[in-house]
Amino acid sequence: MPAIHFPADPLGVLVYVVGLLVLWVVVSIPVYFAGKMVKGGQAHFGEAMTATLGGVVVYYIVYFVVAIALGAVVGPSAGVIALLLGFLAWLAVFRGTFHTSWLGALGIVVMAWIILMVLDFLLVALFGVTFPSFYPF
């Protein structure tokens, strides 16, 4: 995992925080539209933002706790187990936030990835900019 470097000056910190907030809002947009599609129009943008932030936080907590706790016991395969349990925890956040089934939560995640990929391709084609590289393939 790449190291995170925080800027030293206060203006740099402000720009960093504003950039993270903008990225959070932008990444929540595909989740919102995916939630609308899967739930038949019954999703709200606040749910999408909660699921996006909560999913990431829960994923990393579960991932690191499981990887550290099982690392000494099962060795390198603890990372794979942590990855799978982290993904399930992430889905659980989406399931709880959008009040849907496990399959509905998976549908929201898959649709959000598809929408995000389309947005990414459009941003590259129109402006030459892209989202950070976080695609699983």
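Remarks
- The chain: mean projected area of Cα convex hull, nm²: 10.3 nm²
- Measuring nothing but how far apart in sequence close Cα pairs (under 8 Å, 6+ apart) lie, relative to its length, the chain scores a relative contact order of 23 percent.
- Segments 34-43, 11-20 sorted - mean Cβ within 10 Å per residue, highest first: 34-43, 11-20
- The packing ranking, built from the mean of other Cβ atoms within 10 Å per residue, places the peptides 63-74, 91-102 in the order 91-102, 63-74, highest first.
- Gained length - residue 113 relative to residue 73, 0.36 nm times residue gap less alpha-carbon distance: 11.0 nm
The numbers here are math on the coordinates, done by the rules we state, and not lab data. Remember, it's a predicted structure, so these values are computed and weren't measured experimentally. All Cβ positions, glycine included, derive from the backbone under ideal geometry; neighbour counts span all protein chains shown.
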